[in-house]
Amino acid sequence: MDIITVSKLRKSYRKGQVQALRGLNFTVDEGEIYGLIGPDGAGKTTLFRIMATLLLPDEGTVSVDGLDVVRDYKAIRRRIGYMPGRFSLYQDLSVEENLSFFASIFHTSIEENYDLVKDIYGQIEPFKTRKAGKLSGGMKQKLALSCALIHAPRVLILDEPTTGVDPVSRKEFWEMLKRLRLQHGITIIVSTPYMDEAGQCDHIALMQDGEFLRLDTPSGIVGAYTDTLWAVQADDMHRLLDDLRACPEVLTAFSFGEAFHVTVREEARMQELAAYLAGLGHRRVEVTPIQATVEDCFMSLMKKSDEG
Amino acid sequence: MKKQFLSFLRKEFYHIFRDKRTMLILLVMPIVLMILFGFAITTEVKDSRVAILDLSKDEVTAQLRERIAASRYFSITAGEDNISALEASLRGGKIDVAVVFGEQFASELRRGGRPSVQILVDGTEPNQAAIRTGYMQQVLAAHLHTLTEGRGVSPFPGITPVVRTLYNPQGKSEYNFVPAVIGLVLMLICVMMTSIAIVREKEAGTMEVLLASPLPPLCIVLAKLVPYFAISCLNLTTILVLSVTMLHIPIAGSLPGFIAVSLLYILVALFLGLFISTVVRSQLAAMLLSLLVIIPTIYLSGILFPVESMPVALQCVSVIVPTRWYVDIARRLMIQGVELRYVWRETLVLLLMAGVLLGVSWKKFKIRLE
């Protein structure tokens, strides 16, 4: 069953000069983790704010749990847990005071819904008298999630919850989200600029310039990738990128961790590319075939949408 | 709703109590201002240096001289024997006040005539000149009153001092600063602190969470205003107690009336702060806009310069300054001691301002982010 339905959604700023959302359509199933993946400025925050009844759409409709975000905004505000891009906590209030405040404005208390948050809040409870401003990024994130969760919402809307948080906390965070979905059946819609987090979602939408490039499961998106993809490494990585991009066999070349991911023409051979690069004076050239990741798919889709 | 509100209110008090700078501004500033003003006033009137030119040299002028010397406001530093020497010391800043007794002072008084006495003051600082003149007149009149009373002779016509204010003959000033301090302090606290407190939520992003919650906007606004209302009341009390105990400024008119009008003024200032918070996005902008409101207030409210002596254009502008009306009411209630019904027009203006500001803010307060 669909818990969120978005259709023909458009939103622009500054009297239409900036098109933030250009006609979005998608649905979110009840009880799934739906990921919105895209770089800064793709329109993720605008979309989330509309779902959280904080912005009005220019065109199109959005319904959350069967309620219209414009007409029934009051009812929706009781059913969603919204966590904005920055961890919106009161820095001068302690961990416990923050959580208890957010519980009270939703007509509940920490005790009443402790079961729901104990998995997350339990981790920071030893520091409950510490001021929120003195917490580490990972702890702030856990507190903010606890605050968004304390009133047992039907839907959690999390805007870039892992931005600015260390890799270990990021991993832990996704584990927490998965447990929430499994144990409490909460629908979670989450945005992130990190492509490597896409695999944690049930469905993802790749977003760019206010449009969806593709909506699918992570494996569906990777499976639809048809290009030949190699990872290339050499000693002088800086010069390597220029040489790769100048090579007629190479279609695209992007930096990806320690290597470059290149897509090549179908008839290209790995040995030929290695020999070509060695001929240009590169030492210790390594070319290996690899499986596409969501990021490769995103790059490829982005390029196609630019060309199209 | 009630539990939500109380919880929000507690949070607001936490914000205030945990920020030392805020606390300092809120609680210490009014006291410092009062002591500063009060101290300035007491040093002005005490120990004024007096020179006496006695052309009569009889027993009455001798008594008067002793009376002046005994007063805690004056100390006689010199006697001069001609008027030009007197003026020279006045001009040279050696003395603050000069008293000239006319010839045959005692016999003139005995005959029931009008002996002449002249008081010369340095009018460079009009406040001080007016106060010194007043004190000198009191000292002289009090003594002559006892003299004539004992003999069953009416003190009138008595003597009529001829007062001449030198260097600034038109000098006009008020020293009834207590209403002005209340007017300013409340403005600062209510407008600046309130607008900053609301805008801080926008800046920190917490407003986004509050708006996306079922919290009614009225609850947010009320919880923001109530603490500053309470603190303003506390400050009002402090200032009044200080002015009565430390500065011995009595409240001449009705105290409940004065408090009622002050509470109304606090509301006007709170709503002004609320209004500012609805038009700006950052704390810095809130502070600048508040200052932009408060600084003209100092000049246009009659605290420093009388409104009547301003150019007509500025007088018209001063009509929209709430402090102008409040200071006017407060001075009349506190210093002149008139009854509340004599200031109903000014009170009505404040009421109107409160209504308009609240209405506009309420309309502008957003239930969404745009």
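Each reported figure results from applying straightforward, stated rules to the coordinates on display, with no laboratory input. Note that the coordinates shown come from a computational prediction; the quantities given were computed from them, not determined experimentally. Here the Cβ is made from the backbone with ideal geometry for all residues, glycine too, and neighbour counts use every protein chain on show.
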key: Dipole of chain A, positive direction: furthest Cα of A:Pro39, A:Gln291, A:Ser219, with charges on the beta-carbon   = A:Pro39
note = Expressed as a whole number, the average count of other chain Cβ atoms within 10 Å around the Cβ atoms of B:209-219 is 6
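Where Lys and Arg each count +1 and Asp and Glu each count -1, what net charge lies around B:Ala88 among other residues with Cβ under 13 Å from its Cβ?
Values: positive: B:Arg91, B:Lys94; negative: B:Glu80, B:Asp81, B:Glu87, B:Asp122.
For residues surrounding B:Ala88, the net value is -2.
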message = Compute the helix-to-body angle for B:322-331: its Cα long axis versus the longest principal axis of chain B, expressed 0 to 90° and rounded to tens.
response = 40 degrees
inquiry  = Suppose the Debye formula is applied to equal point scatterers at every Cα of segment B:48-150; what is log10 I(q)/I(0) at q = 0.11, 0.16, 0.19 Å⁻¹?
reply    = -0.31, -0.66, -0.92
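Please give the net charge around B:Ala223, taking every other residue with its beta carbon less than 13 angstrom from that of B:Ala223, where Lys and Arg add +1 and Asp and Glu add -1. Walk me through the numbers before you get to the answer.
Working: positive: B:Lys2, B:Lys3, B:Arg10, B:Lys11, B:Lys224; negative: B:Glu12, B:Glu201.
Net charge around B:Ala223: +3.
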ask   = With a sphere of radius 9 Å drawn around the Cβ of A:Gln123, what net charge do the other residues whose Cβ falls strictly inside it have (Lys, Arg +1; Asp, Glu -1)?
value = -2
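Based on DSSP, what percent of beta bridges with both residues in chain A are antiparallel, to the nearest 5? Before the final figure, lay out the partial values.
Details: 37 of 54 bridges.
Restricted to chain A, the bridges split so that about 70 percent are antiparallel.
Please give the peptides B:325-336, A:246-257 ranked by average Cβ packing (other Cβ atoms within 10 Å per residue), highest first, as a rough proxy for protection.
B:325-336, A:246-257
Using per-residue counts of other Cβ atoms within 10 Å, averaged over each peptide, order B:129-135, B:357-363 from highest down. The partial results should precede the final answer.
Numbers: B:129-135: 19.4, B:357-363: 15.7.
For the peptides B:129-135, B:357-363, the packing ranking is B:129-135, B:357-363.
Considering Cα pairs under 8 angstrom that are at least six residues apart, work out the relative contact order of segment A:156-255 and quote it in whole percent.
Values: 69 pairs, mean separation 18.2, N = 100.
After rounding, I find 18 percent.
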message = So if I take the centroid of the Cα atoms in segment A:1-55 and the same for segment B:111-148, what is the distance between those two points in Å?
response = 83 Å
message = Given points 7 Å out from each Cα along the Cα-Cβ axis, report the B:Lys57 to A:Glu249 separation in nanometres with one decimal.
response = 12.8 nm
key: Ranked by how many other beta carbons lie within 10 Å on average, peptides A:156-163, B:70-77, A:227-234 from highest   = A:156-163, A:227-234, B:70-77
ask   = Where the centroid of each part is defined by its Cα atoms, how far is segment B:62-97 from segment A:246-291 in Å?
value = 104 Å
query = Build a GNM of chain A with springs between Cα atoms under 10 Å: which of A:Met139, A:Met237, A:Met207 gets the top mean-square fluctuation?
reply = A:Met237
ask   = Mind checking the mean number of beta-carbon atoms from other chains within 10 Å of the Cβ atoms in A:94-103?
value = 2
message = Within 10 Å of each candidate Cβ there may be at most 14 other Cβ atoms; applying that plus a DSSP loop requirement, which trypsin sites (Lys or Arg not before Pro) in segment B:85-121 survive?
response = B:Lys94, B:Arg111
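Averaged over peptide A:74-83, how many Cβ atoms belonging to another chain are found within 10 Å of each residue's Cβ? Before the final figure, lay out each step's value.
Values: counts 3, 1, 2, 6, 2, 1, 2, 3, 5, 3.
So the per-residue partner count for this stretch is 3.
Over its Cα atoms, what ratio of radius of gyration to 2.2 N^0.38 Å does segment A:2-222 give? Before the final figure, lay out each step's value.
Details: Rg = 16.9 Å, N = 221, 2.2 N^0.38 = 17.1 Å.
Working it through for segment A:2-222, the quotient is 0.99.
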task = Report, largest value first, the span of the C-alpha coordinates of chain B along each principal axis, in whole Å.
result = 90, 42, 40
ask   = What angle, in degrees between 0 and 90 and rounded to the nearest 10, separates the Cα long axis of helix B:255-279 from the longest principal axis of the Cα atoms of chain B?
value = 50 degrees
Chain A, relative contact order in percent, only Cα pairs under 8 angstrom and at least six apart counted = 19 percent
query = Against the longest alpha carbon principal axis of chain B, how many degrees, from 0 to 90 and to the nearest 10, is the axis of helix B:217-245 turned?
reply = 20 degrees
